[in-house]
Amino acid sequence: MKKRTPLSFARFWAIVIKEFVQMRRDRLTFGMIIGIPVVQLMLFGYAINGDPKRLPTAVLLADSSQFGRTLLSALKNSEYFTFVREIHTEAEAEGALARGEVQFVVTVPENFSRDLLRGEKPAILVEADATDPSATGNAIASLRTVLNGGLRHDLTGPLAYLAATADPIDLRVHARYNPEGISQYNIVPGLMGVVLTMTMVMITGLAITRERERGTMENLLSMPTRPLEVLLGKIVPYIFVGYIQVGLILTAARFLFHVPMAGSIPLLLLAASVFIAANLAMGITFSTLAKNQLQAVQMTFFFFLPSLLLSGFMFPFRGMPGWAQVIGEVLPLTHFLRIVRGILLKGNGFQEVALQLWQIVLFALVVLTVGVKRYRKTLD
Amino acid sequence: MTDSFAIDVRGMTKRFGEHTVVNGIDLQVRRGEVYGFLGPNGSGKTTFIRMLCGLLAADAGEGTCLGFDVINESEAIKRQVGYMTQRFSFYEDLSIAENLDFVARMYGIPNRRDAVRESIERLGLAGRQKQLAGELSGGWKQRLALAACLIHQPKLLLLDEPTAGVDPKARRDFWEQIHDLAGQGLTFLITTHYMDEAERCDRLAYLSYGNLLTNGTAAEVIAGAGLTTWLVNGPDLQEIASRLRSTPGVQQAVAFGTRLHVSGTDADSLEQAIAPFRAEPCIWQQINPGLEDVFIHLMGRSKDNFSL
């Protein structure tokens, strides 16, 4: 029998003390221990709302009679809809939905008032951007009540008989882009952005800190190099890695989840390259800020958390309060989600995605500039 | 004419916060010279070398390195200097050949493939070029590091403790190679803790607490210290040593294996001090002090002068 050393409280206690001392020295980890619950509380407690209200709605008013106005004000006064603009042509309505500027377009047809008064149940067309079914579901459900309720105010006196009918109007809802409300259509393309955010930031996040930890940085700095050469040299190889992930997810989206691919795949690949580069730039900048690899991983996590929660991937973007939307607008994932969903589900072309793409480019440039400035050419 | 000097700097100073790590060092190293840089750990040797090759920004100082301004022209200096770091700093997950190829590309060497192949052959690494650097033993890592530092044909090599952790045979081979290269006109600045290596240098400098205490050839350094040394052989040397250390006139009593070196700067008072001990059954013999005696002396003296 092998003789075992008996358990010693003193040795156990030595380890406990050592861990506390090391914890106190590692400020960033300590900050994370405090910071993560605070951030989570803020995000889940205040920012996230699965039942978005006051969704931007445009109205195409072909009948400028009293009842058309009534419907408009009914929408304005409702919880779920915010009237943002009046539009005048079908093409304009199409564009506003495709670019994601409005969630709904309500069309009041010509002769609406006349048909209503004749009791002919005129049609009201509501087109919804249903790429994210959870963002529009409750609003659509409330539509009938909102519109009928508004009309009922006007249908008084001799018109009261109209209000008494179950439905004075014929409400037609077109859930555009995802008519069956299949959530995979929304989630699987979005996942492409989430996966890229997580892996790309992490990969380059370790790039500089690893050189520093292994001592190879000293060697690299003693050679005649410029910061941009080092940073770009570390970014480019991983764009290819990112493309492998994109290919994997696109294949799965097509063959496993049968996600519609309405738009141009080359355009999506172009947008993906910009998005990948932005995340790699973010990672490499973390890498210049972090003292070691652990800190780089922690920073990645700190970036990933809001990206996941505030980008509109998990929860409807429009359900968040203003401050959270502002943060969300900064994150490249927010814009990439709009691009990828726009291209695949809405069939968006370059025109519609250009604005989103530009914002990702801007993010990448700002972040890379910080990285180049922070990259130290000396060991000081 | 600065041209005969590979390194010619004055007043090089580096501070980290309140702490002055290198304190106004002047150094001149001639072209083709093997210059030894000695001093205890933390004396500022590495910091000084890093300032020379632009890895650290000097807080003060001026001069030239290979004819380029040491403060403003570090990019040009980097192109002509090979720097071998104290810790192995090539990529452990690249093979020998891949590491060399990387370095060759970084310096934009023409005929890169040939340069890499020649470098591998010259260093006798031919059979192992596909081996990962991380799998190499200390001696082979050191050979690889030297090969990589030489690939861009630098004029000056800065070697920071190149032989730390390397076995005696490999150390001897390494120094032979250094003298070969110096014969071809390369200049070396080498830090070391080994006395035998110090003796192989053309000239030496000794640093302590960021100050340059002495420099010159080994003989000059020894003579400059003005030390008188007695060699003691016999029983109970430990006990004699501890008694000697508290005797005025004796500045140091250091055990060298089974013998004792007793030294002092004033020959007469040293002789008086040791007189009572000579009655004991030991053999006393006056010798020429060696470099190690001098360095231990310098270290002890500098503590009095500079430490707080």
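Read-outs: derived from the displayed coordinates by stated rules, not from any lab. In this text, all values refer to a predicted model and were calculated from it rather than measured experimentally. Virtual Cβ from ideal backbone geometry, glycine too; neighbours counted across all protein chains shown.
Each of B:140, A:358, B:284 has some number of other Cβ atoms within 10 Å of its Cβ, and from fewest to most they run A:358, B:284, B:140. For residue B:213, the residues whose modelled amide H falls within less than 5 Å of its own, excluding neighbours fewer than 5 places apart on the same chain, are B:206, B:207, B:208. Structure note, pairs A:234/A:377; A:291/A:377; A:234/A:346: Cα-Cα distances above 24 angstrom occur for A:234/A:346.
Each part reduced to its alpha carbon centroid, the stretch A:306-329 and the stretch A:63-135 end up 26 Å apart.
Spin-label pair residue B:267-residue B:246: with each label point 7 Å from Cα along the Cα-Cβ axis, the two points sit 3.0 nm from one another. Of all lysines in the structure, those lying under 16 Å Cα to Cα from residue B:130, and not within fewer than 8 positions of it along the same chain, are B:141. Whole-Hz Karplus values for the stretch B:213-230 come out as 8, 7, 7, x, 6, 4, 5, 5, 5, 5, 5, x, 6, x, 9, 10, 10, 10 Hz, taken residue by residue from phi with 6.51 cos²θ - 1.76 cosθ + 1.60 and θ = phi - 60°; glycine and proline positions read x.
Peptides A:132-145, B:35-48 ranked from most to least packed by the mean count of surrounding Cβ atoms within 10 Å: B:35-48, A:132-145. Between the amide H of residue B:56 and those of A:379, B:51, distances stay under 5 Å, these residues lying 5 or more places away or on another chain, with hydrogens modeled in the peptide plane.
Per-residue ellipticity at 222 nm, computed for chain B from helices alone with -39500 (n - 2.57) per DSSP H run of at least four residues, works out to -10500 deg cm²/dmol. Subtracting the Cα-Cα distance of residue A:26 and residue A:4 from their residue separation scaled by 0.36 nm leaves 4.4 nm.
Beta bridges from DSSP with both residues in the protein assembly as shown: antiparallel share about 55 percent, rounded to the nearest 5. Computing FRET efficiency as 1/(1 + (r/R0)^6) for residue A:40 and residue A:289, where r is the C-beta to C-beta distance and R0 is 30 Å, gives about 0.85.
Between residue A:182 and residue B:117, the FRET efficiency estimated from the beta carbon spacing at R0 = 41 angstrom works out to 0.10.
Potential lengthening of the chain between residue A:213 and residue A:54 amounts to 52.2 nm, from the contour at 0.36 nm per residue minus the alpha-carbon distance. For chain B, the longest principal axis of the C-alpha atoms and the axis of helix B:138-150 are separated by about 60°. In percent, rounded to a whole number, the relative contact order of chain B is 19, using alpha-carbon pairs under 8 Å and six or more apart.
Taking the fewest neighbouring Cβ atoms within 10 Å as the starting point, the ordered list for A:4, B:259, A:318 is A:4, B:259, A:318.
Antiparallel beta bridges, as assigned by DSSP with both residues in chain B, represent about 70 percent of the total such bridges. Give me the angle, in degrees from 0 to 90, between the Cα long axis of helix A:9-25 and the longest principal axis of the Cα atoms of chain A, rounded to the nearest 10. With rounding to tens, the tilt is 60 degrees.
Rounded to whole numbers, the Karplus 3J(HN,Hα) couplings from phi for the stretch A:341-357 are 5, x, 6, 6, 8, 8, x, 4, x, 4, 3, 6, 8, 3, 4, 5, 4 Hz, using 6.51 cos²θ - 1.76 cosθ + 1.60 with θ = phi - 60°, and x at Gly and Pro.
Given an 8 Å cut-off on Cα distances and at least 6 residues of separation, report the relative contact order of chain A as a percent. Relative contact order here is 19 percent.
For residue B:22, the residues whose modelled amide H falls within less than 5 Å of its own, excluding neighbours fewer than 5 places apart on the same chain, are B:14. Computed from the C-beta positions of residue A:73 and residue A:170, the FRET efficiency with R₀ = 30 Å rounds to 0.90. Each residue of the stretch B:108-121 was assigned a 3J(HN,Hα) from its phi angle through the Karplus curve 6.51 cos²θ - 1.76 cosθ + 1.60 (θ = phi - 60°); the sequence is x, 6, x, 6, 4, 4, 5, 4, 5, 5, 4, 4, 5, 5 Hz, with glycine and proline shown as x. The distance between label points at residue B:18 and residue B:238 comes to 4.0 nm (points 7 Å beyond Cα on the Cα→Cβ vector). Among DSSP beta bridges lying fully in the stretch A:55-176, give the percent that are antiparallel, nearest 5. If I count the DSSP bridges inside the stretch A:55-176, around 20 percent turn out antiparallel.
Averaging the sequence gap over all C-alpha pairs within less than 8 Å and six or more residues apart, then dividing by the number of residues, gives the stretch B:127-285 a relative contact order of 15 percent. Centre-to-centre separation between the Cα atoms of the stretch B:213-281 and those of the stretch A:169-225: 70 Å. Ordered by the number of other Cβ atoms lying within 10 Å of each residue's own Cβ, fewest first, A:30, A:313 fall into the sequence A:30, A:313.
Each part reduced to its alpha carbon centroid, the stretch B:81-127 and the stretch A:265-298 end up 30 Å apart.
Evaluated with a Cβ-only charge set (Lys, Arg +1; Asp, Glu -1), the protein assembly as shown carries a dipole of roughly 1260 debye about its Cα centre, given to the nearest 20. On full extension, the segment bounded by residue A:373 and residue A:91 gains 96.9 nm, given 0.36 nm per residue less the C-alpha separation.
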